[in-house]
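A quick write-up on the structure given underneath.
Bear in mind that the values in this text are calculations on the coordinates, not laboratory data. Remember, predicted model here, so these are calculated numbers, not experimental data. Every residue, glycine as well, gets a Cβ built from its backbone with ideal geometry; the counts of neighbours run over all protein chains shown.
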């Protein structure tokens, strides 16, 4: 290994700018400048030998040096900030409002935001956070975290481990906080040592040279928190695995039992009841707010039973459902069973399940029923044979009726939210049908000559719950990453590494001090440590705005 | 007297006490001592601040009892709480550094925030299902404590800039500093103009059609300069709007909010202009002589220290607790909702700040500018994101 031998006898690794043992400046960059003016030492990472500052030949060196630079890291952060901000200008695709006239992103952005919206959409900014380049930016930050940390933590650890209590005179005198005292008595030295110990400094002595140090562990804080961040980024990658992460959505109507998607047909769910409660407007605490804002919901809840299909393993076998849990799912109170978590994520109120009709004579003012029938909207029949020889054919069925742009009846969805029908009514013994069009609040006979009329007599409705089905084994990794990050960041920010050197010179001492943050704090420590001694208070040798 | 009105009076008391305390902190700057904690006016000032803070805690507790939930659930409650956290952060930093001039700036800014908050609806509203969780208290209180501490770094940055920027000639730096001060005046403008018209009980109702073709009405409490896009004025005998908000301004009450912004800018500019007329120099230049005893290195360190203390708190509340709650309520801990994005931006920004402090040349003035920008991002997230980019967090 190439290295530099310091006059104190310590062999330093190549690239060290200060001797690891005695702190004597080794590199030109740490020497006094041409004017002979005393410069402060660059104490970053204790002048240790960082790879990035030493080698710059091969491509690996260059990549390493690029990512180990704090400047590059900050630039990556700045770019991420700008990109993130751009993504929040317009709603991302998943946040296109539900009540937008057209939720197709190709239409929505131009429709609502004009030409800028169109450009936004065409650049793919409506899915910015999942774009390859945004993910790449985050990945580069991750790479920078790893390389920059390794580049610093290893040499810093070595340098702090190697340091001797006895330092080179120029090391002390070129610290930011420094004082020189001509005459210091033994008693005063004992006093200052006692004070420092009381302030929980750890003291090391070599031939009268004293190093008082505390909170060295705080120097590792940044590296600990970077490890936490890297765990979080790795956990995000784990999400791409099907085993660790599964995300499904299911609509269950009241009274229905359906298979839970993503469970390999092993689990079923039954929706007993969906409950939507609102705040009482007579509650005097809230009446004013309710008067202003309108109805305010209080609870979204689905009462469910989860079943397990015990015949599941047998191929083709009929499902044999055994209830395993009966519970309520509320917003903020998801239901957990086995590895699965069910969240109350959406609802649809008042879907029609069935509609009942009667046939009566058009002229009959009493509208006396000649025949009755009921259409099951979940599975309507094609033909209904009725009493008294009537026959009704279901010509057309629109579950969610509306008139499209050309004025032609159509269905918006497959869910019976606004059902409408075209019915062919065959009177007893007749082969010619009378045509009726029926819907909520609509009863149209195209010819106006129908002998018989059909009317809605009754209907049944139910609610539907939208539930998210989720398996997420990556959460513990995110949790661990976040916890480690917090430990690291607190370790680094709430404690400060402080070192005070006392260097005998003649009858007196030189006193120098260094900290990585909170200079005010270390000055106060020194002030209290020298209290009652002849030792001079340190001066801050740093010029304003270094 | 009802609990709600007791609560309101306590908040008012706190506000007045902060105001008086500000004057006493002002008195400390003539004191040459480095530690203002020992001076008489310093002692009175911090005493009043603490009593004010206790009164505000009283407001918080009584309102909590009255409503049955922690009062951090709408913009008024949240901003008021932020003001309180800022005062708490100031008290802590004051006991570490004993710098009175910090109070001279921190308290007025906290007061502007509290007054600004009071301009929004103050009725107690019940919690919608997504907010019914203990995480509401845990998340929101930690976030605003973090933001309150970070706000102190802004205060320190502002003091640094006012005291250190050369005001003998106009420059880019003086112009930017004036812009920052002017922005504070816009908030004051908003508060003044809203209070005036609230006092007059001004109301004008507009009817307009939203993009999804439903027709709604919106209530203006300031005379309409800008009407909602394609809106018609229903109220008679009030000022006719001068023009309509442009069509791309969509969303709930976009026209009304736009109108409020116009009024705030007008009122803020008038007040700023009057102050300039009286002072006959840049406001920064007028304050500078007051700060001649300020030790810039100490102020710079307070700037840094506040970020160092506030950053972990903000991370915990704004990202970690937020993610835990989002996982419970919305089945995903992160969803790129605008509020989440801007919390991430805030976090990234202060992370960049902390890394830049490692480099030479980023202490002092540059750090001060960064602290100002950081606070700008926080306020952007609170105000613009809530009122303009509103996503899932639009209630808060």
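When a/c is below 1.5 the answer is rounded, else prolate if a/b is larger than b/c, else oblate, so apply that to region B:238-337 with a ≥ b ≥ c taken from the square roots of the Cα gyration tensor eigenvalues. Verdict is oblate for region B:238-337. What would the Debye formula give as log10 I(q)/I(0) at q = 0.21, 0.24 Å⁻¹ for the alpha-carbon point model of region A:103-162, no solvent? Treating every Cα as an identical point scatterer, log10 I(q)/I(0) equals -0.81, -0.89. For region A:445-502, the alpha carbon positions stretch 114, 23, 18 Å along the principal axes, listed from largest to smallest. Packing-based ranking of A:460-472, A:429-441 yields A:460-472, A:429-441, ordered from highest to lowest mean Cβ neighbour count within 10 Å.
Which number do you get for Rg(Cα) / (2.2 N^0.38 Å) in region A:57-150? Before the final figure, lay out each step's value.
Working: Rg = 17.9 Å, N = 94, 2.2 N^0.38 = 12.4 Å.
The value comes to 1.45.
The smallest convex shape that holds all Cα atoms of region B:64-103, its convex hull, gives 74 Å³ per residue.
At 0.36 nm per residue, minus the direct Cα-Cα distance, what do residue A:139 and residue A:190 gain on full extension? Give it in nm, one decimal, please.
Numbers: separation 51, 0.36 × 51 = 18.36 nm, distance 5.41 nm.
Value of the extension gain: 13.0 nm.
Which values of log₁₀ I(q)/I(0), to two decimal places, follow from the Debye formula for region A:242-290 at q = 0.18 Å⁻¹ with a uniform point scatterer at every Cα? The Cα Debye sum returns log10 ratios of -0.68. With a 10 Å cut-off around each Cβ of B:123-134, the average count of Cβ atoms from other chains is 6.
In region A:405-422, which residues have a backbone nitrogen under 16 Å from the label point lying 7 Å from residue A:348's Cα in the Cα-to-Cβ direction? Inside the label zone: A:411-420.
Taking all Cα pairs closer than 8 Å and separated by 6 or more residues, the relative contact order of chain B comes to 18 percent.
Mind pulling the per residue volume of the convex hull built on the Cα atoms of region B:169-281? Å³ is fine. Could you put the intermediate results ahead of the total?
Numbers: hull volume 13.9 nm³, N = 113.
Roughly 123 Å³ of hull volume per residue.
Counting only other chain Cβ atoms within 10 Å of each residue's Cβ, the peptide A:487-500 averages 2.
Just to check, using Stokes-Einstein with a Kirkwood Rh over alpha carbon pairs, what's the diffusion coefficient of chain A at 4 °C and 1.567 mPa s in µm²/s? Could you put the intermediate results ahead of the total?
Details: Rh = 31.8 Å.
D = 41 µm²/s.
How high is the relative contact order of chain A? Use alpha-carbon pairs under 8 Å, at least six apart in sequence, and give a whole percent. If you can, show how the numbers build up before the last one.
On the way: 1017 pairs, mean separation 99.9, N = 546.
The normalised contact order for chain A reaches 18 percent.
When restricted to Cα atoms, region B:101-143 yields an Rg and a Dmax of 14.8, 44 Å, respectively.
Modelled spin labels at residue B:40 and residue A:234, positioned 7 Å past Cα toward Cβ, are 6.4 nm from each other.
Within 10 Å of each Cβ in B:348-357, how many Cβ atoms from other chains are there, averaged over the peptide? If you can, show how the numbers build up before the last one.
Numbers: counts 8, 3, 0, 8, 9, 2, 6, 7, 4, 1.
For this peptide, the per-residue mean of nearby foreign Cβ atoms is 5.
How far is helix A:132-162 tilted off the main Cα axis of chain A, in degrees rounded to 10, range 0 to 90? The helix A:132-162 is inclined about 30 degrees to chain A. Once the Cβ-Cβ distance of residue B:120 and residue A:75 is raised to the sixth power relative to R0 = 30 Å, the FRET efficiency obtained is 0.20. Note on residue B:137 and residue A:542: their simple-model spin labels are 4.2 nm apart, each label 7 Å out from Cα toward Cβ.
Over region A:305-411, what portion of Cα pair distances is larger than 23 Å, expressed as a whole percent?
Values: 3562 of 5671 pairs.
Cα-Cα pairs in region A:305-411 separated by more than 23 Å: 63 percent.
Rounded to two decimals, what ratio of Rg to Rh does region B:1-104 give with C-alpha atoms and a Kirkwood Rh? Working shown, then result.
Numbers: Rg = 15.1 Å, Rh = 14.2 Å.
Ratio value, two decimals: 1.06.
Taking Cα atoms only, the orientation of helix B:172-199 departs from the longest principal axis of chain B by about 50 degrees.
Taking Rh as the Kirkwood radius computed over C-alpha pairs, what is the Stokes-Einstein D of region A:397-546 at 4 °C in a medium of viscosity 1.567 mPa s, expressed in µm² per second? Mind showing how you got there, number by number?
Details: Rh = 25.2 Å.
In µm²/s, the coefficient rounds to 51.
If R0 is 25 Å, what FRET efficiency do you get for residue B:207 and residue A:278 from their C-beta distance, rounded to 0.05? Efficiency, from the Cβ-Cβ distance: 0.45.
Put the Cα centre of region B:90-146 next to the Cα centre of region A:111-144 and the gap is 34 Å.
Considering region A:380-485, its Cα convex hull presents a mean projected area of 12.3 nm². Our summary gives region B:169-281 a relative contact order of 30 percent, counting only alpha carbon pairs under 8 angstrom and 6 or more residues apart. Measuring spread by the Cα atoms of region B:82-199 yields a radius of gyration and Dmax of 17.5, 58 Å.
Taken as Cα centroids, region B:162-199 and region A:444-523 sit 34 Å apart, rounded to the nearest whole angstrom.
Quick one: which of B:79-91, A:487-499 comes out on top by average Cβ neighbours within 10 Å, and what's the full order, highest first?
Numbers: B:79-91: 24.9, A:487-499: 20.4.
Averaged packing, sorted descending, gives the order B:79-91, A:487-499.
Scattering from chain B was approximated by placing one identical point on each alpha carbon and applying the Debye formula without solvent; log10 I(q)/I(0) at 0.12 1/Å stands at -1.03. Taking packing as the residue-averaged number of other Cβ atoms within 10 angstrom, the listed peptides A:351-362, A:126-137, A:397-408, B:222-233 run from highest to lowest as B:222-233, A:351-362, A:126-137, A:397-408.
The long axis of helix A:186-198 is offset from the longest Cα principal axis of chain A by roughly 10 degrees.
Modelled label positions at residue B:236 and residue B:279, each set 7 Å beyond Cα in the direction of Cβ, lie 4.9 nm from each other.
Once Rh is set to the Kirkwood radius over Cα pairs, what Stokes-Einstein translational diffusion coefficient, in µm²/s, holds for the protein assembly as shown at a temperature of 10 °C and a viscosity of 1.306 mPa s? Could the numbers behind the result be given before it?
Values: Rh = 33.1 Å.
The Stokes-Einstein estimate is 48 µm²/s.
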